[in-house]
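Below: the structure, in structure tokens.
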């Protein structure tokens, strides 16, 4: 993987204090990019952003994407070459408890990023990170393609479908490929990734972090939806996709200004219960039980078709789910053993791109 194009580039990341955002900021800073992050303070303890000491490596702006005036000021002041928009309220169950906050953060926040980018003339590329949950899930044994119907049952999933509609509208209205080089100089694309696992995720309702916490507290993990099938992938898989997409946008602009799925091959699409069994094997201990109580609706079957990313971006997943789980467990073990987690995480990146 050649990401040398990012060396010396000015990269603006929203949501850099989150799980994927922290990994992306670390990776880009290691590539020699000048990174500016814009996000709220980390909302977990511990937080990967703090573990990796990212405040020392990048420009860190603590602010809300819903604050358009602040966002525009910081974005235009930094004057980036490329924007990766990751800031979001990312939790399905929390979206049932606070749907308005979910919609305002995800939908208005996305519109704010695009509008600020439109008014900052140096921006050449924008990658809007959404989710595989943006599709209208028909609970069928079918892998969703980028051209399939958008939808979303719960407020989180639906808000991300809305983000895709905003992306489409801004691309047609303000970043139209036909007007590139005349009315604007930016290429806008979206990235839809599956369920991501990896070290440093401490959010609520995350399967492997909950598993590790249960082991450390000598408890069993309780599974809400053991038969749910998800496209599990190691965190560096979609991030390499985002970087590949960003690279293509910088190199060849509007040719790649569209939506792309980033997910695993079919052999990594397994149930929640199978993931936990593999994690128990990788950790060497652990136990689980199944909660048969009633819970808010969450999809039980979700698969992605990644043929477009393979063909057009020359991107493909590298790790199978077993290896992804093992690498995730190894990260948490290293952290609990007091290892230098910046060095450990950079080693996982270098191992991945070999």
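The values are calculated or read from the model by the stated rules, or taken from the named source; none is laboratory data. Since the model is a prediction, treat every value here as computed from it, not as a measurement. Quick reminder, even Gly has a Cβ in these numbers, built from the backbone with ideal geometry, and neighbours come from all protein chains shown.
The table below lists the values:
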{"quantity": "Test result for residue 273, modelled with pLDDT of 95 or more and on the phi < 0 side of the Ramachandran plot", "calculated": "yes"}
{"quantity": "Residue list for the range 151-164, restricted to those being touching a strand residue (DSSP E or B) at 6+ places or on another chain (Cβ under 7 Å) and either part of a helix (DSSP H, G or I) or under 22 Å from residue 126 (Cβ atoms) (or both)", "calculated": "161, 163, 164"}
{"quantity": "Search result, residues across the range 196-216 that are touching a residue at least 60 places away in the same chain (Cβ under 8 Å) and part of a loop (DSSP other than H, G, I, E, B)", "calculated": "198, 199, 200, 201, 202, 203, 204, 205"}
{"quantity": "Count of the range 322-350 residues which are part of a helix (DSSP H, G or I) and over 16 Å from residue 31 (Cβ atoms)", "calculated": "18"}
{"quantity": "Of the criteria (1) surrounded by fewer than 20 Cβ atoms within 10 Å (Cβ to Cβ); (2) modelled with pLDDT of 95 or more; (3) more than 25 Å from residue 94 (Cα to Cα), which one residue 142 fails", "calculated": "(2)"}
{"quantity": "Test result for residue 279, surrounded by 14 or more Cβ atoms within 10 Å (Cβ to Cβ) and outside any helix (DSSP H, G or I)", "calculated": "no"}
{"quantity": "Positions within the range 299-317 being outside any helix (DSSP H, G or I) and buried (at least 18 other Cβ atoms within 10 Å of the Cβ), in sequence order", "calculated": "299, 302, 303, 304, 306, 315, 317"}
{"quantity": "From the options 15, 37, residue that is on the phi > 0 side of the Ramachandran plot, buried (at least 18 other Cβ atoms within 10 Å of the Cβ), modelled with pLDDT of 95 or more and under 19 Å from the mean Cα position of the chain (by Cα)", "calculated": "15"}
{"quantity": "Residue identified as closer than 25 Å to residue 108 by Cα and in contact (Cβ under 8 Å) with a residue 12 or more places away in the chain among 159, 173", "calculated": "159"}
{"quantity": "Hits in the range 132-150 - residues which are in a loop (DSSP other than H, G, I, E, B) and on the phi < 0 side of the Ramachandran plot", "calculated": "136, 137, 138, 140, 141, 142, 145, 146, 147, 148, 149"}
{"quantity": "Failed condition for residue 219, given (1) touching a residue at least 12 places away in the same chain (Cβ under 8 Å); (2) within 30 Å of residue 52 (Cβ to Cβ); (3) not in a strand (DSSP E or B)", "calculated": "(1)"}
{"quantity": "Residue satisfying condition, being part of a helix (DSSP H, G or I) and more than 20 Å from the chain's Cα centre (by Cα), within set 248, 292, 255", "calculated": "255"}
{"quantity": "Breaking point among (1) modelled with pLDDT of 95 or more; (2) in contact with a strand residue (DSSP E or B) (Cβ under 9 Å, 6 or more places away or on another chain); (3) not in a helix (DSSP H, G or I), for residue 230", "calculated": "(1)"}
{"quantity": "Hits in the range 276-299 (condition: modelled with pLDDT under 95 and in contact with a strand residue (DSSP E or B) (Cβ under 7 Å, 6 or more places away or on another chain))", "calculated": "291"}
{"quantity": "Count - residues of the range 152-174 that are at pLDDT 95 or above and touching a helix residue (DSSP H, G or I) at 6+ places or on another chain (Cβ under 6 Å)", "calculated": "13"}
{"quantity": "Lone qualifier among 87, 111 - being farther than 19 Å from residue 59 by Cα and at pLDDT 95 or above", "calculated": "111"}
{"quantity": "Test: residue in the range 337-352 that is over 17 Å from the mean Cα position of the chain (by Cα), touching a residue at least 60 places away in the same chain (Cβ under 8 Å), farther than 16 Å from residue 197 by Cβ and exposed (fewer than 13 other Cβ atoms within 10 Å of the Cβ)", "calculated": "no"}
